[in-house]
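K.L.:
Can you read through this structure? Questions will come right after.
The values are calculated or read from the model by the stated rules, or taken from the named source; none is laboratory data. This one's a predicted model, so the numbers in the text were calculated from it and none came from an experiment. All Cβ positions, glycine included, derive from the backbone under ideal geometry; neighbour counts span all protein chains shown. Areas reflect the complete protein model, heavy atoms only, side chains present, ligands, DNA and RNA absent. Shrake-Rupley method; radii C 1.70, N 1.55, O 1.52, S 1.80 Å.
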Amino acid sequence: MTRVLGIHGVRNYKAADTTPDVGSKRLRTDWTAALGSTVPGLDLETAYYADLLRSERQGDELDDAESVLVEEWARAWGVDPSGVQGRATGWLRWICGQVAQRSGQRPAVVEKTVRAFFPEVARYFATGRAEVRERVTAALLRHRPDVVVAHSLGSVVAYEALHGLADELEVRLLLTLGSPLALPHAVFHRLDPAPRNGTGVRPSGVRRWVNVADVGDFVAIPKGELARVFPEVEELPEISIAPAWPHSVLDYLRHRSVSEAIRAGAPTGRHAAGSGSGWSAKE
């Protein structure tokens, strides 16, 4: 049996999630279906925190804190955000268009990703961090997983929560998907614990950390940077999960490299050895 805890990313709140337990069960159903039968003996739970970061604000215009994060994201793409004055819809559309040109992706896809991601990131760092970490920490201690699978903003939460549990929990594998942990200033320099001399540290209770990022994932940038600023991270070869929107957790979970990594984190063997993934499980 492989005990897995999934930690979701942004835009996971649904009106039907009347309690965190209801939301967690919904996500567990979706994640289990995406993984299918690829992980034998899977015991999957999900840590749900979407209700803590949802906004009551009407409309989708970014506020000042969210716009600052977008500026840092744009700079990571080599785009000067001062190219257009102001911070209205036209400003964001211009930035996303510039990133689209550099990435070969459609501008609408880039803008959708930005509007989904940065508002919740801003709320996490501004007001939500303590409550979100408390809930995820409780889930980690309750399920005591062999493998933690953390997507998008969830990888930030997992990183911080696992650092806080260094003396209480050992995890065989931390698997991050579409992670923004290396995004300078917007995420990396805001982490707790803070990086030292430009370098982050793997949580001491984590035996192994593997990162997977789609070639077109606009959140997982700068490309190849995560393994440089976190030297103990193993970066799997870039993959393509879904050209239409390359940040979907369900598409990540359906990819062979993800199921192989989870099987490698199982407590009963070295399932990934010789599988063609280019790496093998380590005890």
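K.L.:
About the Cα centre, and with charges only on the beta carbon of Lys, Arg (+1) and Asp, Glu (-1), how big is the dipole of the chain? Nearest 20 debye, please.
P.N.:
With Lys and Arg at +1 and Asp and Glu at -1, about 460 debye.
K.L.:
At a threshold of 8 angstrom on Cα-Cα distance, excluding pairs fewer than six apart, so keeping six or more, what relative contact order does the chain reach in percent? Spell out each step's value before the answer.
P.N.:
Details: 485 pairs, mean separation 57.8, N = 283.
Relative contact order comes out at 20 percent.
K.L.:
Could I ask something else about it? Spin-label point model (7 Å from Cα, Cβ direction): what's the Ala242 to Ser82 distance in nm?
P.N.:
Label at Ala242, label at Ser82, 3.8 nm between them.
K.L.:
Sticking with this structure for a sec: With the Cα gyration tensor of the range 16-157 in hand, convert its eigenvalues to equivalent ellipsoid semi-axes via √(5λ) and list them largest first in whole Å. Working shown, then result.
P.N.:
Details: eigenvalues 215, 67, 36 Å².
Result for the range 16-157: semi-axes of 33, 18, 13 Å.
K.L.:
Another one. Keeping the other protein chains in place, figure out the carbon and sulfur percent of the accessible area of the chain, with a 1.4 Å probe.
P.N.:
Numbers: 5950 of 12060 Å².
C and S atoms contribute 49 percent here.
K.L.:
If you bin every alpha carbon distance in the range 1-59 into 10 Å steps from zero, what whole percent lands in each bin?
P.N.:
22, 48, 23, 6, 2
K.L.:
While we're here: Calculate, for Arg75 and Lys14, the FRET efficiency according to 1/(1 + (r/R0)^6) with r their C-beta to C-beta distance and R0 35 Å; round to the nearest 0.05. Could you put the intermediate results ahead of the total?
P.N.:
Working: r = 34 Å, r/R0 = 0.96.
Rounded to the nearest 0.05, the efficiency is 0.55.
K.L.:
Just to be sure I understand the model, the point goes 7 Å from the Cα along the line to the Cβ. What's the resulting Leu250 to Thr29 distance in nm?
P.N.:
Going from the Leu250 label point to the Thr29 one covers 1.2 nm.
K.L.:
Follow-up question, since we're still on this one. Which residues does a label at Val201 reach in the range 150-191, if reach means a backbone N under 13 Å from a point 7 Å past the Cα toward the Cβ?
P.N.:
Counting only backbone N, you get 163-167.
K.L.:
Then there's this: How are the Cα pair distances of the range 170-218 distributed, in percent, across 5 Å bins from 0?
P.N.:
Going out from 0 Å in 5 Å bins, the range 170-218 shows 5, 18, 23, 25, 21, 7, 0 percent.
K.L.:
Find the accessible area per residue for the range 94-152; the probe is 1.4 Å, ligands and nucleic acids are left out, and the unit is Å². Could you put the intermediate results ahead of the total?
P.N.:
On the way: 2340 Å² over 59 residues.
I get 40 Å² per residue for this part.
K.L.:
Just the Kirkwood number for the chain, please: inverse of mean 1/r across all distinct Cα pairs, in Å, one decimal.
P.N.:
Details: mean 1/r = 0.0526 Å⁻¹.
The Cα-based Kirkwood calculation yields 19.0 Å.
K.L.:
Over the range 158-261, with the other protein chains present, what is the accessible area per residue in square angstrom, probe 1.4 angstrom?
P.N.:
The answer is 38 Å² per residue.
K.L.:
Let me ask you something else. Residue farthest toward the positive end of the dipole of the chain, with Cβ of Lys/Arg at +1 and Asp/Glu at -1: which of Ala138, Gly36, Thr199?
P.N.:
Towards the positive end, the residue furthest out is Gly36.
K.L.:
For the chain, what does the helix formula give at 222 nm: sum of -39500 (n - 2.57) over DSSP H segments with n ≥ 4, over the residue count, nearest 500 deg cm²/dmol? Kindly include the intermediate steps, with their values, before the conclusion.
P.N.:
Values: 10 runs with 111 residues, N = 283.
Value at 222 nm, helices only, nearest 500: -12000 deg cm²/dmol.
K.L.:
Here is a further query. If amide H atoms are built 1.01 Å from N in the plane of the peptide, which residues on other chains or at least 5 residues away come under 5 Å of the amide H of Leu42?
P.N.:
Result for Leu42 returns Thr2.
K.L.:
If we restrict to alpha carbons, what Rg and Dmax does the range 33-107 come to, in Å?
P.N.:
Rg then Dmax for the range 33-107, in Å: 18.3, 55.
K.L.:
Continuing with this model, one more query. Sort the range 94-150 into rounded, prolate or oblate with this rule: let a ≥ b ≥ c be the square roots of the eigenvalues of the Cα gyration tensor; rounded if a/c is under 1.5, and if a/c is not under 1.5, prolate when a/b is larger than b/c, oblate otherwise.
P.N.:
On the way: a/c = 5.07, a/b = 2.13, b/c = 2.38.
Note, shape of the range 94-150 comes out oblate.
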